[in-house]
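Undergrad: This structure is in structure tokens; I'll ask about it shortly.
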Amino acid sequence: MIAMRIVTGTISHETHVMSNISTGLAEFRSRRLLYGDELFKEFTETATPAGGIIEGCKRHGFELIPTVFASATPSGIVTKEAFDTILAGILDGVRMAEPFDAVVLHLHGAGVSAEYPDIEGKVLSEVRKIAGDRPVVATFDLHANYTEEMVESADMLIGYDTYPHVDGYERGVEAVELTARMLNGSLSPTLGFRQPPMLPALQVQFTGRYPMKRLIEEAHKMEGLDSVESITVAAGFPWSDIPEAGMSFIVTTNDDQLLADSLAGELHDMAWNMRREFLVSPMPLGEALRYVGKVVDGPIVLADIGDNPGGGAPEDGTVVLRALLEEGLTDGVFALIWDPESVKAAVEAGVGEEVSLVLGGKTDEMHGGPLEVTGVVKNVTDGKFTNLGPMGTGSESDLGETVVVDIGGNDVIVTSKRVQPLDLGLYESQGIDITGKRFVVVKSSVHFRAAHEPVASEIIELDTPGLTSPRLAGFEFKNIRRPIFPLDVEMLGITELKSMEDE
Ligand SMILES: [Zn+2]
């Protein structure tokens, strides 16, 4: 028997339209721009969606034909050149894979290019033109902003169930499994799609606690019903600033439109009724640092949630570092600050030598200006390490050339590339043991929890300014549909809330 042929491809970018770091091909190359079989070398046996798609095809005896895998660290709008090049690469690859049986893509879901506000909708609709009535299936990030074009162009859209994203591999395997059932004629996917007017900040998208946990549990319960094949609960990404940004529910049934619509409606209503639980209350910075000063049992993990590169912030903000030095805190780790110039200066000074730096604050005015500091260079590395997991276990990360500088008795990690500090392999690669430290600052919103919760004495979310601040009302959104919660206060239901408190 001739093996079924499955074509795959990826463009993955979470676009923060207010970032002034434009996203060109160089930004994709800096993270990952892979062609053809390079995919297997990079992702086989890794806990990633691509790793899951590879494994799923292996289990079914399918031949997998990779086209382009393009992924850049979250940043500003994708240039026309970058998107055109990547899209053309994927489409040429799909055409060259003829005769194929199905297309299984991995997309992020919150990408915006100079030309297209919904790049995934564009990719899917163009792939559909080539695939005709053959299955077109895609996996997505939990931060995907789903659109009508995406839903109409694909047979199935399968999103992560977790944030921190620890189920990319499982969703990749599942996408191939469901595709296999379409190919053998036992599945005719029918989608119900609903979007409540809700725009949750990243903190409250954490699936380890209420209210997201409740929604995911309900979706899993529904997945146990006859003819329900897959349910996606997406929390969305506010700063793509497209009309559809925010929360979505997609219910896939086996040829039962009524059931798909009614379950999507139930999830929609459930989320809406819980909307007040989606408000955020991080701790003021000063209060948090005074608290850290009194605590003996470490490490306390302090999340600089305003400057998370995983959401498009620059990761060179100095607000927290400045404050903790002023507070005189020592025996901490600062992960991390993106500043290639300072790396160069520290490398030139050499390990064991003193160096004066004008550190960070070089991208914009929102995250704290450059900080003049003097420290001792402790370590220089190439910044490459393997992720220990549970996110992306086995996959490679690259911080670029990286130094550790002792500043005021704290290990400050300075990198040449923007990488969200979420994996403990990062500290290991820098010769740092965080378990013996008093505190660790991470520039991350939620992802750090997967690896840090088991070793942290406590976790505190800091109310820091920046492009990924959960204070959504402070941003100038131009395109998001209105009214939407929580931007429009009338949707809070103040009177209702008041009467609840009175009870
Ligand atoms: Zn995400």
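The values are calculated or read from the model by the stated rules, or taken from the named source; none is laboratory data. For clarity, every value in this text was computed on a predicted model and none was experimentally measured. As a convention, Cβ positions derive from the backbone with ideal geometry for all residues, glycine included, and neighbour counts pool all protein chains shown.
Undergrad: Which one is nearest to the ligand (Cβ to nearest atom) among residues in the stretch 112-136 that are free of Cβ contacts under 8 Å to residues at least 60 places away in the same chain and assigned to a loop (DSSP other than H, G, I, E, B)?
TA: Checked the stretch 112-136; the qualifying residue nearest to the ligand (Cβ to nearest atom) is 116.
Undergrad: Of everything in the stretch 169-215 that's crowded, with 18+ Cβ neighbours inside 10 Å, among the small types (Gly, Ala, Ser) and under 26 Å from residue 227 (Cβ atoms), which residue is farthest from the chain's Cα centre (by Cα)?
TA: Ranking the candidates gives 180 first.
Undergrad: Against the condition surrounded by fewer than 16 Cβ atoms within 10 Å (Cβ to Cβ) and over 15 Å from residue 440 (Cα atoms), how does residue 284 come out, does it pass?
TA: yes
Undergrad: Would you mind listing the strands (runs of 3 or more DSSP E) fully within the stretch 366-406 where at least 2 residues are charged (D, E, K, R), modelled with pLDDT of 95 or more and out of contact with any Cys (no Cβ under 9 Å at 6 or more places or on another chain)?
TA: Ranges flagged: 371-381, 396-398.
Undergrad: Also, I was wondering about something else. For the stretch 288-335, give me each residue that is within 16 Å of the ligand (Cβ to nearest atom), of a type in the set (A, V, I, L, M, F, W, C) and either at positive phi or part of a strand (DSSP E or B) (or both).
TA: 303
Undergrad: Residues that are under 29 Å from residue 394 (Cα atoms), of a type outside the set (A, V, I, L, M, F, W, C), within 16 Å of the ligand (Cβ to nearest atom) and touching a Phe, Trp or Tyr at 6+ places or on another chain (Cβ under 8 Å): does the stretch 83-91 have at least one?
TA: So far as the stretch 83-91 goes, no, none of its residues is under 29 Å from residue 394 (Cα atoms), of a type outside the set (A, V, I, L, M, F, W, C), within 16 Å of the ligand (Cβ to nearest atom) and touching a Phe, Trp or Tyr at 6+ places or on another chain (Cβ under 8 Å).
Undergrad: Looking for something assigned to a helix (DSSP H, G or I), over 19 Å from residue 152 (Cβ atoms) and small (Gly, Ala, Ser) - is there at least one such residue anywhere in the stretch 93-110?
TA: Yes, that holds for at least one residue.
Undergrad: Can you name every residue in the stretch 443-465 that is of a type outside the set (Gly, Ala, Ser) and within 16 Å of the ligand (Cβ to nearest atom)?
TA: 443, 446, 447, 448, 449
Undergrad: For the stretch 298-354, enumerate the residues that are modelled with pLDDT of 95 or more, among the small types (Gly, Ala, Ser) and more than 23 Å from the chain's Cα centre (by Cα).
TA: If the condition is that a residue be modelled with pLDDT of 95 or more, among the small types (Gly, Ala, Ser) and more than 23 Å from the chain's Cα centre (by Cα), then 323, 328, 332, 342, 345, 346, 349, 350, 352 are the ones that fit.
Undergrad: Between a residue in the stretch 222-241 that is surrounded by fewer than 17 Cβ atoms within 10 Å (Cβ to Cβ) and any residue that is at pLDDT 95 or above and part of a loop (DSSP other than H, G, I, E, B), which pairs come within a Cβ distance under 6 Å, given they are 6 or more apart or on different chains?
TA: 227/256
Undergrad: Select from the stretch 400-442 the residues that are over 21 Å from residue 350 (Cβ atoms), surrounded by fewer than 23 Cβ atoms within 10 Å (Cβ to Cβ) and touching a Ser or Thr at 6+ places or on another chain (Cβ under 8 Å) and list them in ascending order.
TA: Within the stretch 400-442, 417, 425, 438 qualify.
Undergrad: Please go through the stretch 25-63 and pick out each residue that is buried (at least 20 other Cβ atoms within 10 Å of the Cβ), more than 27 Å from residue 116 (Cα to Cα) and touching a Lys or Arg at 6+ places or on another chain (Cβ under 8 Å).
TA: 52, 62
Undergrad: Go through the stretch 1-23 residue by residue and tally those that are within 15 Å of the ligand (Cβ to nearest atom) and in a loop (DSSP other than H, G, I, E, B).
TA: 3
Undergrad: Given 147, 139, 162, which one is surrounded by fewer than 24 Cβ atoms within 10 Å (Cβ to Cβ), of a type outside the set (Gly, Ala, Ser), under 25 Å from residue 310 (Cα atoms) and within 15 Å of the ligand (Cβ to nearest atom)?
TA: Of the residues listed, the single one that is surrounded by fewer than 24 Cβ atoms within 10 Å (Cβ to Cβ), of a type outside the set (Gly, Ala, Ser), under 25 Å from residue 310 (Cα atoms) and within 15 Å of the ligand (Cβ to nearest atom) is 162.
Undergrad: If you don't mind, another one. Looking at the stretch 431-456, I want the residues that are part of a loop (DSSP other than H, G, I, E, B) and have a partner that is aromatic (Phe, Trp, Tyr) and within 16 Å of the ligand (Cβ to nearest atom) with Cβ atoms under 8 Å, at least 6 apart or on another chain. Which pairs are those?
TA: 446/163; 446/206; 447/163
Undergrad: Okay, moving on. Only one of these conditions is not met by residue 104: (1) more than 16 Å from the ligand (Cβ to nearest atom); (2) surrounded by fewer than 24 Cβ atoms within 10 Å (Cβ to Cβ). Which number is it?
TA: (2)
Undergrad: Which of the residues spanning the stretch 247-265 are in contact (Cβ under 8 Å) with a residue 12 or more places away in the chain and assigned to a helix (DSSP H, G or I)?
TA: 257, 259, 260, 261, 262, 263, 264, 265
Undergrad: Out of the residues in the stretch 217-246 that are outside any loop (DSSP other than H, G, I, E, B) and of a type in the set (A, V, I, L, M), which is farthest from the ligand (Cβ to nearest atom)?
TA: The qualifying residue farthest from the ligand (Cβ to nearest atom) is 228.
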